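The values are calculated or read from the model by the stated rules, or taken from the named source; none is laboratory data. Computed from a predicted model, the values in this text were never measured in an experiment. A quick note on method: Cβ atoms are made from the backbone with ideal geometry, for glycine too, and the neighbour counts reach across all protein chains shown. Remember, those area values only see protein heavy atoms, side chains included, never the ligands or the DNA or RNA. Shrake-Rupley method; radii C 1.70, N 1.55, O 1.52, S 1.80 Å.
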Amino acid sequence: MSPPAIAAPSASSAADPSAGEPLPEPPSGTRGLLASRKGLVLVCAALFAVLLVSIVTAIGLGAAVITPGETARYLWAAVSGGRVAAHEVTAYQIVWEIRTPRVLLAALVGAGLSAVGVAVQAMVRNALADPFVLGVSSGASAGAVAVTVTGGLAALGVYAVSAGAFAGALAASVLVYAVSAGRGALSPLRLILTGVAVSLGLQAVMSLLIYSAPDGEATGMVLYWTMGGFGAASWGALPVVSAVVLPGLVVLYRYGRALDVLALGDETAASLGIDPDRHRKALLALVSLMTGVMVAVSGAVAFVGLVVPHVVRMVVGATHARVLAVAPPAGAVFMVGVDLVSRTLMAPRELPLGVITALVGVPVFLTLMRRRAYLFGGS
Amino acid sequence: MELGLEGLSVVTDGRSLVRDLSLTVGTGQVVGLVGPNGSGKSTALRCVYRALRPSTGTVRVGGEDLSRLTARRSARLVAAMVQDGAVDVDFTVEEAVALGRAPHLRGNRALGRRERDLCARAMDRLGIRHLARRGVLTLSGGERQRVLLARALVQEPAILVLDEPTNHLDVHHQVELLSLLRDSGLTVLIVLHDLNLAAAACDRLGVLHDGRLVTAGTPEAVLTTDLVHEVFGVRAAVVSHPLTGDPQLLYSLAPSP
């Protein structure tokens with residue numbers, strides 16, 4: 001046995017060549033660009049430009065194709081109160097009454113689900129978490145099916161089902177909260193286990209309701225609520241969704257550094273002046289409200305809230321303020337594209353959104369995972 | 001700034017983890033907490049960095065009752081280096097260290113020039129500046145420990161508490177870390193397993209057993225053959241360190257009589 005011949009280089013001795021030298025140059029590429037505030041603003045501005053173009057293009061496409069120029073003109077006419085010629089009224093109505101609310105809703109929900117996914121992953125410290133892991137989507141589905149089957153909430157007219165979904169989502173969140181906070185602290189593992197258990201229970205309730213339903217209508221609904229779709233979008237729902245999701249995005253962004261600290265663990269968070277329990281409770285209320293509203297108008301679109309956060313993190317790094325600045329516009333662009341495919345690929349039939357998000361998202365995600373040294377969740 | 005634990009007791013699920021613990025750490029002193037596994041060392045420490053609220057008793061920093069301060073305010077006075085579960089998020093070393101400024105910054109405010117210098121100096125002190133752009137998850141255990149200490153220093157606390165900071169460190173870095181603490185001028189409360197390192201590094205030691213403070217005093221006064229036998233159940237001879245005069249223990253593997 002010979003002693004080891006090579007002494008390990010001591011990183012911290014006084015002779016350390018790196019000590020006192022300026023920091024190494026920022027890495028080139030996107031991550032380097034994003035390290036500066038200016039770079040981040042540029043990237044976000046570019047993403048918003050892409051989003052605007054996607055929205056106008058997507059509004060033009062469908063069974064009746066309308067060029068982006070025409071689309072923009074109709075949109076301008078609608079917003080500014082301008083006039084359109086008599087022969088254009090049909091095209092105008094397709095653009096403004098049918099497609100615009102749908103595409104805007106897709107953008108909102110894509111942005112919201114992506115940001116909520118980022119927040120949920122940080123607050124339960126689990127890379128597999130998504131907006132629906134806390135039982136919200138199952139609650140919404142169960143609520144919607146319950147309203148359909150029982151004919152309840154009839155006073156709300158066309159909004160009855162959405163209202164039922166929202167009520168179900170909130171009830172599920174309150175249940176998850178009450179059970180996991182039963183003994184004071186809201187630990188990440190308790191939260192996620194409770195969420196999964198409540199989800200499974202509510203799915204069973206939903207199945208029971210469907211089997212007890214007299215007709216087949218409920219079966220089709222299940223597909224809609226579990227896979228998602230924007231087929232029911234209308235101008236009526238947009239104000240409510242915007243009023244919850246847009247401020248929610250701003251609040252989540254402002255939680256950026258708190259989420260950084262929460263991701264370090266509860267002990268460390270406490271030592272850095274962030275009460276983990278109080279922050280987790282506030283975040284749970286916020287993300288439940290946002291998710292509930294989104295699920296009520298679009299069903300549970302899987303995958304976006306799981307994968308967009310990871311893809312954005314691979315590009316911009318782990319700092320939550322940066323992730324939460326880039327994820328919403330990126331998620332919005334993605335969702336507008338997915339919705340476009342869903343209504344054009346097999347027209348006139350619509351594909352459920354979850355099918356497309358997964359078919360597109362999985363390969364993209366796996367490719368990026370292989371190409372980048374992405375270490376979320378262990379090396 | 002002086003750190004005082006006054007009559008601290010912690011009871012969880014009917015079990016008494018810390019019983020009536022009183023201990024003072026004078027300004028600029030390094031005080032070690034030692035004791036067998038489960039003797040309440042980490043629990044007492046958790047009350048100081050506010051991960052745990054004591055059932056009774058008070059923690060005072062500079063005479064002020066810690067529980068009356070906001071979480072942010074106390075995080076500006078007391079920093080901690082703790083054994084938290086593995087972190088899953090791939091921050092760079094630079095980003096992880098910069099989070100030490102969290103209690104000083106509102107919202108997402110970026111670090112100012114002075115704060116960036118502060119982070120750079122802390123990384124220099126811990127010899128991790130060359131790792132600044134590396135992902136934390138790619139580091140060795142010892143490198144991660146040094147990132148944690150750099151973050152605690154960047155917090156600019158008056159009081160630093162550490163739970164087993166020498167875990168995962170080789171002997172060179174153990175000695176270096178403890179010397180750094182001694183030279184920092186901070187008021188330090190540190191939990192250590194290694195009694196010999198504790199004797200070398202600390203001005204005073206507190207010995208915990210079953211949540212009770214058995215004795216406290218200078219290492220010479222505390223580390224006796226009888227005490228080590230009584231508290232840790234091992235036989236050891238106490239000798240004086242030939243270079244420094246600190247008491248050092250030589251353990252005997254022979255079964256206790």
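Remarks
- Out of B:ASP124, B:ASP117, B:ASP84, sole residue that is of a type in the set (D, E, K, R), at the interface with another protein chain (Cβ under 9 Å from one of its Cβ atoms) and either over 29 Å from A:LEU186 (Cβ atoms) or surrounded by 20 or more Cβ atoms within 10 Å (Cβ to Cβ) (or both): B:ASP124
- Here no strands (runs of 3 or more DSSP E) wholly within segment B:198-241 include at least 2 residues being modelled with pLDDT of 95 or more and farther than 22 Å from B:LEU17 by Cα.
- Test: residue in segment B:58-77 that is at the interface with chain A (Cβ under 7 Å from one of its Cβ atoms), in a loop (DSSP other than H, G, I, E, B) and in contact with an Asp or Glu (Cβ under 8 Å, 6 or more places away or on another chain): no
- Residue count, segment A:58-72 (criterion: without any contact (Cβ under 8 Å) to a residue 40 or more places away in the chain and open to solvent by 30 Å² or more (accessible area, probe 1.4 Å)): 7
- Verdict on A:THR100 being at pLDDT 85 or above, of a type in the set (S, T, N, Q) and surrounded by fewer than 24 Cβ atoms within 10 Å (Cβ to Cβ): yes
- Per the conditions (1) within 19 Å of B:ILE159 (Cβ to Cβ); (2) within 14 Å of chain A (Cβ to nearest Cβ), the sole criterion not satisfied by B:VAL175 is (1).
- Qualifying residue in segment B:94-108 (condition: of a type in the set (Asp, Glu), at the interface with another protein chain (Cβ under 8 Å from one of its Cβ atoms) and under 30 Å from A:ASN126 (Cα atoms)): yes
- Subset of segment B:67-81 [buried (at least 23 other Cβ atoms within 10 Å of the Cβ) and among the aliphatic types (A, V, I, L, M)]: B:ALA75, B:VAL78, B:ALA79, B:ALA80, B:MET81
- The listed residues are B:LEU180, B:LEU149, and the only one of them that is without any contact (Cβ under 8 Å) to a residue 60 or more places away in the chain and out of contact with any Gly (no Cβ under 6 Å at 6 or more places or on another chain) turns out to be B:LEU180.
- Checked against the criterion of being more than 16 Å from the chain's Cα centre (by Cα) and surrounded by fewer than 22 Cβ atoms within 10 Å (Cβ to Cβ), segment B:182-192 contains not a single residue that satisfies it.
- The criterion of being buried (at least 24 other Cβ atoms within 10 Å of the Cβ) and in contact with a His (Cβ under 9 Å, 6 or more places away or on another chain) holds for A:ASP260.
- Residue within segment B:26-40 that is within 27 Å of B:ALA200 (Cβ to Cβ), in a helix (DSSP H, G or I) and open to solvent by 60 Å² or more (accessible area, probe 1.4 Å) present: no
- From A:VAL293, A:VAL323, residue being closer than 24 Å to A:GLY164 by Cα and either out of contact with any Asp or Glu (no Cβ under 9 Å at 6 or more places or on another chain) or buried (at least 24 other Cβ atoms within 10 Å of the Cβ) (or both): A:VAL293
- Helices (runs of 4 or more DSSP H) fully within segment A:37-114 counting 2 or more residues that are within 29 Å of the chain's Cα centre (by Cα) and within 30 Å of B:GLY112 (Cβ to Cβ): A:37-60
- When segment A:269-282 is limited to residues that are open to solvent by 10 Å² or more (accessible area, probe 1.4 Å) and part of a helix (DSSP H, G or I), the one that is farthest from A:GLY331 (Cα to Cα) turns out to be A:ALA270.
- Residue in segment A:236-249 that is crowded, with 19+ Cβ neighbours inside 10 Å and within 14 Å of another protein chain (Cβ to nearest Cβ) present: yes
- Apart from one condition, B:ARG46 fits all of (1) within 14 Å of chain A (Cβ to nearest Cβ); (2) over 14 Å from A:ALA269 (Cα atoms); the exception is (2).
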